[in-house]
Amino acid sequence: FPGVMEATGPGLVARMRRQAAAFNATMVSDAAVRVDVSRSPFTITLDEAEAPLYARALVVATGADSRWLGVPGEHEYRGRGVSSCATCDGYLYRGKDVVVVGGGDSAAEEALLLARTSRSVTMIVR
């Protein structure tokens, strides 16, 4: 994230949530099961909430699930050399040799992003 040098992906998310809370934002952890954008305010029906939410703006952020390898040390080194988000953590590897593990479009995109600033990028296709 531009301008934030001292946080990795999860740390940055935590900071963003604290900032939003400071401005009295309401945060709801639920799944949207229906969205009606035919008129404003939009109506968002949630899976577990009794009442729908209404909003004049809607940001669809579907996120991505990382497929971890399950190798020893992977969990312990997250945020300290092991990452699942080049956009979030790529600056940490500036000028270094990096490895991207994966075989799909997402892995290729991450490798291309890292290639801009890393010394070298090796891609291991699984």
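Worth a mention:
- With both labels modelled 7 Å from their Cα along Cα-to-Cβ, the Cys85 to Ala108 distance reads 2.4 nm.
- The angle between the Cα long axis of helix 105-115 and the main principal axis of the chain comes to about 60°, on a 0 to 90 degree scale.
- Max mean-square fluctuation residue, GNM over the chain, Cα-Cα springs under 10 Å, options Ala25, Ala115, Ala86: Ala25
- Per residue value of the accessible surface for the chain (all protein chains in place, 1.4 Å probe), Å²: 78
- Acute angle (nearest 10 degrees) that the helix 9-22 long axis makes with the longest principal axis of the chain, alpha-carbon atoms: 30
- DSSP beta bridges fully contained in the chain are about 55 percent antiparallel.
- Taking all protein chains together and rolling a 1.4 Å probe, Thr8 ends up with roughly 40 Å² accessible.
- With every protein chain in place, the chain: carbon and sulfur % of accessible area (1.4 Å): 54
- Cα-projected label distance for Glu74 with Asp36, points at 7 Å along beta-carbon direction, nm: 4.4
- For the chain, a Kirkwood hydrodynamic radius built from all Cα pairs, placed in the Stokes-Einstein relation at 10 °C and 1.306 mPa s, yields a translational diffusion coefficient of 91 µm²/s.
- Probe 1.4 Å - accessible area at Tyr54, Å² to nearest ten: 150
The values are calculated or read from the model by the stated rules, or taken from the named source; none is laboratory data. Being a predicted model, the structure only gives us computed values, none of them experimental. Don't worry about glycine lacking a Cβ; one is built from the backbone with ideal geometry, like all the others, and counts go over all protein chains shown. Accessible surface areas use protein heavy atoms only, side chains included; no ligands, DNA or RNA. Shrake-Rupley method; radii C 1.70, N 1.55, O 1.52, S 1.80 Å.
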